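The block underneath contains the structure these notes are about, expressed in structure tokens.
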Amino acid sequence: MEETLHLKSADETLNLASSLIKYLPIPSIITLNGNLGAGKTIFAKGLAKGLNIKQDVTSPTFNILKCYFDGNVPFYHIDAYRLEDSQNKDIGLEEVIDGNGICVIEWPNYIKEIIFDDLNIDIQIISLNERVFTFKSENKKYEQVFTYLEGLKNVL
Amino acid sequence: MFYKLLLDTSDQYLSIGVAEENKLIYEKSFEAWQRQSELLVPEIVLALNSLKITLKDIKEIVIGKGPGSYTGVRIAMTFAKTLSTVTDIKIKAISSLAILGRADENFVSLINARSKRSYIAIYSQGNCLLKDQILPNEKVLEIIKEYHEKGFKIYGNTTYLNIPNDGQKIIEGLLTFANITKVEEDILSLKPIYLKDTL
């Protein structure tokens with residue numbers, strides 16, 4: 001399954017992510033690819049908003065993993081950037097990835113050995129505010145997401 | 001009186017038992033993933049208070065030493081090592097796969113290792129037939145089929161494999177395997193078993 005969306009602002013990214021929550025199964029694994037500034041963390045903030053999480057969601061680049069338990073379901077935010085070439089990858093991340101909530105992973109390529117059945121989102125920077133989002137997944141459990149995105153494309 | 005404290009936090013559960021000699025007089029086991037470290041000490045206090053005994057009455061502490069959850073395998077062990085350092089309580093550390101069954105049973109033990117793998121071991125009458133290891137789930141399912149046909153029980157939460165299981169013992173497992181396990185001589189070098197170094 002694959003779907004592409006053209007978004008014109010960070011607000012649109014935030015709203016899209018927030019509206020996706022309804023269509024995500026538990027557990028969901030969302031992997032985000034995109035350069036610095038593409039909007040990966042904005043997307044994560046949107047998901048958190050959709051889950052009614054009140055805490056501020058910030059990039060876990062330093063922490064690697066941040067957990068949020070004040071929303072509708074547990075929300076796990078991983079930034080694997082610092083695990084590149086690391087000897088210390090075995091820190092139990094697979095327990096939250098294949099866990100009991102929604103897990104979003106930035107820089108997934110650095111821990112691809114422990115990621116299965118994900119919904120992959122690639123973000124391309126077009127201009128200062130414009131982004132192209134490409135959603136891909138081989139797993140049927142995300143079917144509803146793609147049906148929703150298809151419908152959304154006709155509206156945008 | 002000779003009391004034993006039985007503890008396991010190595011996977012999703014927090015399990016606490018107290019035995020007087022070899023008789024189980026307290027047992028409590030519940031799902032407590034990510035809350036084990038906050039609940040362990042209060043639950044032990046609760047157990048001791050309800051039996052009207054104190055830590056001074058405990059002569060031996062029996063723990064599951066892993067494999068299992070990254071944090072889980074460290075919690076009961078850290079508690080036991082700390083206690084053993086400041087008192088003269090002895091430690092017995094037993095595989096957390098072994099204690100899913102009783103020492104007098106034949107069984108295959110399973111713990112979800114995630115990433116489509118399982119921790120698996122096979123025990124028969126207290127002897128280890130397949131030592132604790134991490135295997136891909138396809139291989140695990142073949143082993144389960146083979147041993148299920150031989151009449152072995154399947155212990156552990158196997159819902160992730162979409163197959164039925166015979167439950168899990170944990171506290172009875174700790175108690176029965178303790179009888180065939182030696183006391184740890186060198187507490188300082190006692191380490192949890194995690195088994196994952198494969199990335």
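Here are some notes:
- Of B:R102, B:R117, B:R74, the residue with the greatest mean-square motion in the GNM of chain B, using alpha carbon springs below 10 Å, is B:R117.
- Which listed pairs, of B:K92/B:K150; B:K4/B:K169; A:K49/B:K116; A:K8/A:K141, have C-alpha distances above 22 Å, in listed order: B:K92/B:K150; A:K49/B:K116; A:K8/A:K141
- Once the C-beta distance of A:S86 and A:N52 is scaled by a Förster radius of 35 Å, the resulting FRET efficiency is 0.55 to the nearest 0.05.
- Of all DSSP bridge pairs formed entirely within chain A, close to 55 percent run antiparallel.
- Relative contact order, percent, the stretch B:1-66 [alpha-carbon distance under 8 Å, six or more residues apart]: 41 percent
- Taking GluC sites (Glu not before Pro) in DSSP loop states with no more than 11 other Cβ atoms inside 10 Å as exposed sites, chain A has its longest site-free stretch at A:1-83.
- MRE, 222 nm, helices only [DSSP H, n ≥ 4, -39500 (n - 2.57), over chain B, to nearest 500]: -8500 deg cm²/dmol
- Packing-based exposure ordering (other Cβ within 10 Å, fewest first) of B:V18, A:V57, B:V108: A:V57, B:V18, B:V108
- Compactness of the stretch B:98-161 as Cα Rg over 2.2 N^0.38 Å, two decimals: 1.00
- By definition, a body whose alpha carbon gyration tensor gives a ≥ b ≥ c is rounded when a/c is under 1.5, and the stretch A:2-155 falls into this rounded group.
- Per residue, the convex hull spanned by the Cα atoms of the protein assembly as shown measures out at 147 cubic angstrom.
- Placing a pseudo-label 7 Å from each Cα along the Cα-to-Cβ vector at A:K140 and A:E113 gives an inter-label distance of 3.1 nm.
- Ranking of A:H77, A:H6 by count of other Cβ atoms within 10 Å, fewest first: A:H6, A:H77
- Three principal axis extents describe the C-alpha atoms of the stretch B:31-141; from largest down they are 47, 31, 25 Å.
- Difference of contour (0.36 nm per residue) and Cα-Cα distance, B:I180 to B:L46: 45.4 nm
- By the count of neighbouring beta-carbon atoms within 10 Å, fewest first, A:F133, B:F30 end up ordered B:F30, A:F133.
- Charge dipole (debye, nearest 20) of the stretch B:98-161; +1 at Cβ of Lys and Arg, -1 at Cβ of Asp and Glu: 220 debye
- Value at 222 nm in deg cm²/dmol, rounded to 500, when DSSP H runs of n ≥ 4 in chain A each add -39,500 (n - 2.57): -7500 deg cm²/dmol
- Degrees, to the nearest 10: B:137-149 long Cα axis against longest axis of chain B: 90 degrees
- Charge dipole magnitude, Cβ of K and R +1, D and E -1 - the protein assembly as shown, Cα centre, debye nearest 20: 460 debye
- Straight-line cross-link partners of A:K45 among the aspartates and glutamates, defined as a Cα under 17 Å from its Cα and at least 8 positions apart when in the same chain: A:D11, A:E12, A:D56, A:D70, A:D79, A:E106, A:D122.
- Looking at the stretch B:66-199 alone, DSSP beta bridges between its own residues are antiparallel in about 85 percent of cases.
- Considering only the stretch B:98-161, percent of DSSP beta bridges that pair antiparallel, nearest 5: 85 percent
- Partner shielding of A:73-83 amounts to 0, given as the average count of beta-carbon atoms from other chains within 10 Å of each residue beta-carbon.
- Loop-resident trypsin sites (Lys or Arg not before Pro) (DSSP state other than H, G, I, E or B) in the stretch A:65-152 with no more than 11 further Cβ atoms inside 10 Å of their Cβ are absent.
- Highest-MSF residue in chain B out of B:I61, B:I122, B:I25 [GNM, Cα springs under 10 Å]: B:I25
- Magnitude of the charge dipole, chain A, Cβ model with Lys/Arg +1 and Asp/Glu -1, debye to 20: 480 debye
We did not get these values from a lab; they are worked out from the coordinates using the rules stated. Note that this is a predicted model, so its numbers are computed, not measured. As a convention, Cβ positions derive from the backbone with ideal geometry for all residues, glycine included, and neighbour counts pool all protein chains shown.
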